[in-house]
Amino acid sequence: MEYRKYSSRKYNNIRELVDVRAETVPDKAMFSFMADKRRSARTVSSEMFREQTEQFGTWLFEKGFRDSGIVILGESSYEWILTFFSVVGGNNTAVPLDKDLSAESLCELILDSGSKAVVYSETYSDIAEKLREMLDIAFISMKDIPDILENGRKMLESGKRDYAEHTVDAEKTALIVYTSGTTGKSKGVELTHNSIISDVNSIQEVADLSGNGVLVLPLHHSYGITASLLLPLAYMDSLFITGSLRYFMGDIKYFKPEVEFLVPLFVETIYKSLIKYAESIGKSEKLSAILNGPEASDDENELADRRKKAEDILELLGGKLRIIISGGAPIVPEYLNGLKKLGIIVLNGYGITECSPIVACNPNHLTKAGSVGRIVDACQVRIDNPDENGEGEVCVKGSIVMAGYHNMEDETRKAIRDDWFHTGDLGRVDEDNYLYITGRIKNLIITANGENISPEEIEMNLNGISYVKEVVVYDSNNSLCAEIYPENPDNIPESELKKLIFDEIRKINAKMPPYKCISNIVLRDSEFPKTTSKKIIRRYK
């Protein structure tokens, strides 16, 4: 097999992405976004962004935020991104949290992180107000960022140069990402500048993913930060920031991206939207002929020809999209094959938060069906206790592996043994160093849009409901189902009992993000089968 490495620019820390870019392409658009209630687009150049990060960072330094954890809470926005780079550029630690969590859950994570401030979007000012009552730390509204930048500018002019001249420690924790685990408690994954930037450097060698894009993935996940934010900037490309999923398709058509980092749910949305659009413009027969036609290869010239032939249909996507990188969950082959026939290649990848997160990605010129791609050079992969098919637990070693779980030394020791991180995923590696994921050891549920759900976390809440004796939560057709063995001493009729239990579940759902809400319950007549140690035996649905 002829495998080639793509060239890449090497960076030493996250701040260098800003500095090198400002020196190399100072006037090039770095970010664009809709402003004035989405009536007009605003663009920020590379040089302007560096100036603003220095102003914001200087203000943070002068306010005493040095070697501090700083929470970022809000939807994807220019202000969110500016906050992130300003924080990590001064050796502070960014702690991005899921905006859909309840105030109580957010409070717990903020306390665990030891953060000294919360920078929040005005969209979530009500949550911020609740948190103010619970926490004795600083709260900074993103609506005040213009004033902060002006104050930072004046500080710089007066000679306050500590932040601007600060040297970033590559081994410093840049990011704490909270991810669900099978213990039922969220774990704070500590990622250093070195682990993240090593991943960025390595991905560029595996595949050519250069091209302007639309930033749509949530930024409280490492995939969103590393792949859809940092990597395009490393390529010196421009990003359009979409602040809401409801604008996703419209923003793609407006901004005309060339490359998109997505999860399978968005790939499905694109595929189905193209079918509807073809119907609306009278091109259904043409699209059907393409989708039922010959298979497409990885040849770039052929793919370009296919895009040209389907340009009237692809106009829905702006007409320039050529590559989609999909990760976070398995993807339906129909979407992979269909989009490729239209000239858009979908490159499957594999990652896990603890590995910054990308471990493997399919190259543009040599994809392998069923594989999650070639393993990046910044790590090694070992298959632990392989069976006769070479399948076993996927273990990762290298610079991309996390520093550890925050405040969880025992969990860190369990996960990293002899420098090898044990992913809990089952897989195999072929002779060309391509990785195949074949199953999961953990009980972790991964939704269609890439959200990680610990069933134990939800089960702990449900076990507190009256009449619930045993419960197992599982995925059923992309929604969560709770199978319950009830305790019914009052002999309540089943229909009424089910209603009583679900009324209590609704109260729990109200405190949970949408992807952690129970949609259906099933009552069973007997106890769950158990191991000899009385642990419930889970059966994947």
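Quick notes on this one:
- Sum of -39500 (n - 2.57) over DSSP H runs of 4+, divided by residues of the chain (222 nm, nearest 500): -10000 deg cm²/dmol
- 3J(HN,Hα) couplings calculated from phi for segment 2-7 with the Karplus curve 6.51 cos²θ - 1.76 cosθ + 1.60 (θ = phi - 60°) are, in sequence order, 8, 10, 10, 8, 8, 6 Hz; Gly and Pro show x.
- Cβ-placed point charges (K, R +1; D, E -1), dipole of segment 387-541 about Cα centre in debye, nearest 20: 460 debye
- Across segment 388-430, the mean sequence separation of Cα contacts (distance under 8 Å, 6 or more residues apart), normalised by length, yields a relative contact order of 61 percent.
- Put a plus charge on the Cβ of each Lys and Arg, a minus charge on the Cβ of each Asp and Glu, and nothing anywhere else: the dipole of segment 293-392 about its Cα centre is then about 380 debye.
- Fraction of alpha-carbon pairs over 17 Å apart in segment 332-436 - percent: 56 percent
- Considering only Asn12, Ala41, Leu60, the residue lying farthest towards the positive end of the dipole of segment 8-120 is Ala41, judged by Cα position with unit charges set on Cβ.
- Value of relative contact order over the chain, rounded to a whole percent, pairs C-alpha under 8 Å and six or more apart: 13 percent
- Residue-by-residue Karplus 3J(HN,Hα) for segment 494-509, coefficients 6.51, -1.76, 1.60, Hz, glycine and proline x: 4, 4, 6, 4, 4, 5, 4, 5, 5, 4, 6, 5, 4, 5, 5, 4
- Accessible solvent surface per residue of segment 1-124, calculated while the other protein chains remain in place, 1.4 angstrom probe, Å²: 39 Å²
- Ordering Ala117, Leu106, Gly89 by Cα displacement along the dipole of segment 1-138 toward the positive end leaves Gly89 in first place; charges were set at the Cβ atoms of Lys, Arg (+1) and Asp, Glu (-1).
- Computed accessible area, Met460, all protein chains, 1.4 angstrom probe, square angstrom: 120 Å²
- Cα-based reach from Lys10 at 12 Å (exclusive), listing aspartates and glutamates while leaving out same-chain residues under 8 positions away: Asp199, Glu205
- Heavy-atom SASA rank of Trp80, Trp420 (probe 1.4 Å, accessible area, largest first): Trp420, Trp80
- Centroid-to-centroid separation of segment 328-371 and segment 71-106 [C-alpha atoms, Å]: 28 Å
- When Rg and the Kirkwood Rh are both derived from Cα coordinates, the Rg/Rh ratio for segment 20-147 amounts to 0.99.
- When the Cα atoms of the chain are aligned to their principal axes, the ranges along those axes come out at 75, 63, 51 Å in descending order.
- The simple Förster model, with R0 at 25 Å and r as the Cβ-Cβ distance, assigns Asn463 and Asp136 a FRET efficiency of 0.15.
- Phi to ³J(HN,Hα) by Karplus 6.51 cos²θ - 1.76 cosθ + 1.60 over segment 333-343, Hz, x for Gly, Pro: x, 4, 6, 4, 5, x, 5, 5, 5, 8, x
- Using C-alpha pairs under 8 Å with a sequence gap of at least 6, the mean separation divided by the residue count of segment 94-141 gives a relative contact order of 42 percent.
- Solvent exposure of segment 337-394 amounts to 32 Å² per residue of accessible area, where only protein heavy atoms count and the probe is 1.4 Å.
- Rolling a 1.4 Å probe over the protein heavy atoms of the chain, with every protein chain left in place, gives an accessible area that is 45 percent carbon and sulfur.
- If you take the Cα centroid of segment 131-149 and the Cα centroid of segment 245-286, the two points sit 37 Å apart.
- Whichever lysines have a C-alpha closer than 18 Å to that of Lys498, once near sequence neighbours (fewer than 8 apart) are set aside: Lys469, Lys507
- Spherically averaged projected area in nm², based on the convex hull that wraps the Cα atoms of segment 219-341: 7.8 nm²
- Residue pairs, from the table Lys187/Lys530; Lys37/Lys516; Lys253/Lys340, whose Cα atoms sit over 23 Å apart: Lys187/Lys530; Lys37/Lys516
- Beta bridges by DSSP in the chain, antiparallel share as percent, to the nearest 5: 60 percent
- Between the residues Ile344, Gly424, Gly390, the greatest Cα displacement towards the positive end of the dipole of segment 266-425, with unit charges on the Cβ of Lys, Arg, Asp and Glu, is found for Ile344.
- In segment 382-541, the DSSP beta bridges split such that about 85 percent are antiparallel, to the nearest 5.
- Basic side chains Lys and Arg get +1 at the Cβ, acidic Asp and Glu get -1 at the Cβ, and with that the dipole of the chain about its Cα centre reaches some 860 debye.
The values are calculated or read from the model by the stated rules, or taken from the named source; none is laboratory data. These numbers come from a predicted model, not from an experiment. Using ideal geometry, Cβ is built from the backbone for each residue, glycine included, and neighbour counts are taken over all protein chains shown. The area values use the complete protein model at the heavy-atom level, side chains included, leaving out ligands, DNA and RNA. Shrake-Rupley method; radii C 1.70, N 1.55, O 1.52, S 1.80 Å.
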